[in-house]
Amino acid sequence: IQRRLPKRGFKNPHRVEYKVFNLGQVSQLAEKYGIEDFSMENLYVNGLVGRTDKVKILGNGELKSKISFKVNAVSDKAKAAIEAAGGSVEIIGAAK
C-alpha cells in the first residue's frame, strides 16, 4: 500500500552547484600535484573534478605561493588573498 503525501518545499531548477576548493586546499593540491596554473583542464587531468563540474574558490585558509586561477567563481575574500600573494584570477564561463 502506497500513500500519496503532498510534496513540500521548493526545488530551484536553475540552481548552480559548484565543486568548492578553499585556499588551504589549493595550497596542498599545488604542492602534491605540482600545479602552478589552477585551471579546469589541470583539475580534470589530475582527477579532482569531472568534465562538466563548475569550480568555486573560497577564502578559508592561506595561499602560500603565486598561482594563477581560471575557474568559474571566486569569493571576494579569496580574490583579495590570491592577488595579495601575487597570483591572478580569471573567471571562465561567467553566469548570465
Could we say that N42 is open to solvent by less than 100 Å² (accessible area, probe 1.4 Å) and either in contact (Cβ under 8 Å) with a residue 24 or more places away in the chain or out of contact with any helix residue (DSSP H, G or I) (no Cβ under 8 Å at 6 or more places or on another chain) (or both) here? no
Condition test on I57, is it touching a residue at least 24 places away in the same chain (Cβ under 8 Å), within 20 Å of N42 (Cα to Cα) and surrounded by 18 or more Cβ atoms within 10 Å (Cβ to Cβ)? yes
Of the numbered conditions (1) open to solvent by less than 80 Å² (accessible area, probe 1.4 Å); (2) over 16 Å from the mean Cα position of the chain (by Cα), N12 satisfies every one except a single condition; which is it? (1)
Residues being in a strand (DSSP E or B) and of a type in the set (D, E, K, R): count how many of those fall in the stretch 1-45. 2
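For every residue, the table says whether it meets (1) within 11 Å of the chain's Cα centre (by Cα); (2) surrounded by fewer than 10 Cβ atoms within 10 Å (Cβ to Cβ).
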residue: R3; (1), (2): no, yes
residue: L29; (1), (2): no, no
residue: E36; (1), (2): no, no
residue: V49; (1), (2): yes, no
residue: G61; (1), (2): no, no
residue: V71; (1), (2): yes, no
residue: K79; (1), (2): no, no
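The values are calculated or read from the model by the stated rules, or taken from the named source; none is laboratory data. Everything numeric here is computed off the predicted structure, so don't read it as measured data. As a convention, Cβ positions derive from the backbone with ideal geometry for all residues, glycine included, and neighbour counts pool all protein chains shown. In case anyone asks, the SASA skips ligands and DNA or RNA and just uses the protein heavy atoms, side chains included. Shrake-Rupley method; radii C 1.70, N 1.55, O 1.52, S 1.80 Å.
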